[in-house]
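Every number here is computed from the coordinates shown, using simple stated rules; none is lab data. Note that the coordinates shown come from a computational prediction; the quantities given were computed from them, not determined experimentally. For neighbour counting, all protein chains shown are included, and Cβ atoms are generated from backbone atoms with ideal geometry for every residue, glycine included.
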Amino acid sequence: MVRTGSDGKLTVREVGVQYGAVAAVAGVTVEFRPGVITGLIGPNGAGKTTLLNAISGFTAMTSGTLELDGRDISPSTARARAEMGIVRGFQTVRLLERESVFDNVLVGCERLPQPPLMAQLLNLQSQRNCRARDIATVMKTLAGLGLLQDAHRLAAELPFASRRLVEIARLLLVRPKVLLLDEPAAGLDAGERRRLVDTLRSYHTEDPFTLIVIEHDVDLVRKLCADCVALAEGRVIARGSPAEVLEDPHVKVAYFGQAAHA
Ligand SMILES: Nc1ncnc2c1ncn2[C@@H]1O[C@H](COP(=O)(O)OP(=O)(O)OP(=O)(O)O)[C@@H](O)[C@H]1O
Ligand SMILES: [Mg+2]
């Protein structure tokens, strides 16, 4: 997977996911554009996680199609989609528990262009340059997330919030075309949320990719996202800037339980 500038256009067309009698996603059509951070909001049970799972291939779509940069990837497995550059975070953090924080994040760099195997084996200058680049990238990312002092600790020793940030650092270093984050700020305090927003933003500005973030914290959505999609009962009920969507009367009813005329 090598990403170039404008890659990462994701087109979701009439996608449905049915669990028995429950239509968790009920005919969603939406386009996610490269270089745009989209907030995916909606009440509990709206189908947000199911939609991300359908995009990553973790859950099978019952109907509809999915395109990445114009190519129909609906038949592709989750693994094939990950190789194409569609990368997701999990609600439960998954780390290499007996490895250091530094090594957990360094794993992400494996997907960056590396010198040929022979150069690596012979520890040639090109290999040393790449290694230096990877170390600098990891340290910069850890510093941005306030994790530098934890770099040499084992992942297993970290508190929950730091574990979540380590996972996000690792996902960012993979340089995905499309990154799907499910409630990345859950369990983080105000300072950690700020560092998370700053880090996502700075990565995104440096090298724009398609970023879709499920988030219940509307302040975070306002700060981070240029674009917002609201789901309710498996359907898109509003789309626009966060300000527009959060002011939409249908969203207020579905999400905040307020009467449309209130
Ligand atoms: N594996 C499953 N089997 C059966 N029903 C499921 C499954 N996963 C989700 N559902 C149902 O699908 C609907 C959408 O769930 P989903 O988890 O996508 O909502 P959500 O918007 O992510 O909610 P939350 O904000 O609570 O995380 C809900 O009615 C849920 O009960
Ligand atoms: Mg969810």
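Spin-label model, Asp198/Ala243: points 7 Å from Cα along the beta carbon direction are separated by 2.5 nm. Nearest 500 deg cm²/dmol is fine: what mean residue ellipticity at 222 nm does the chain get from its DSSP H runs of n ≥ 4 alone, each adding -39,500 (n - 2.57), divided by its residue count? Using -39500 (n - 2.57) per qualifying helix, the result is -11000 deg cm²/dmol.
A simple count of charges around Arg98, restricted to other residues whose Cβ falls under 13 Å of its Cβ and scoring Lys, Arg +1 and Asp, Glu -1, yields -3. Length gained on full extension, Arg131 to Arg153, computed as 0.36 nm times the residue gap minus the Cα-Cα distance: 5.9 nm. Placing dummy labels 7 Å off each Cα toward the beta-carbon, the span from Glu67 to Phe160 is 4.2 nm.
Principal semi-axes of the equivalent ellipsoid, √(5λ) from the alpha carbon gyration tensor of region 158-262, are 27, 16, 12 Å from largest down.
When DSSP beta bridges are restricted to pairs lying wholly in the chain, around 55% turn out antiparallel. Helix 190-206 and the longest principal axis of the C-alpha atoms of the chain enclose an angle of approximately 80°. Inverting the pair-averaged 1/r between distinct Cα atoms of the chain gives 19.3 Å as its Kirkwood hydrodynamic radius.
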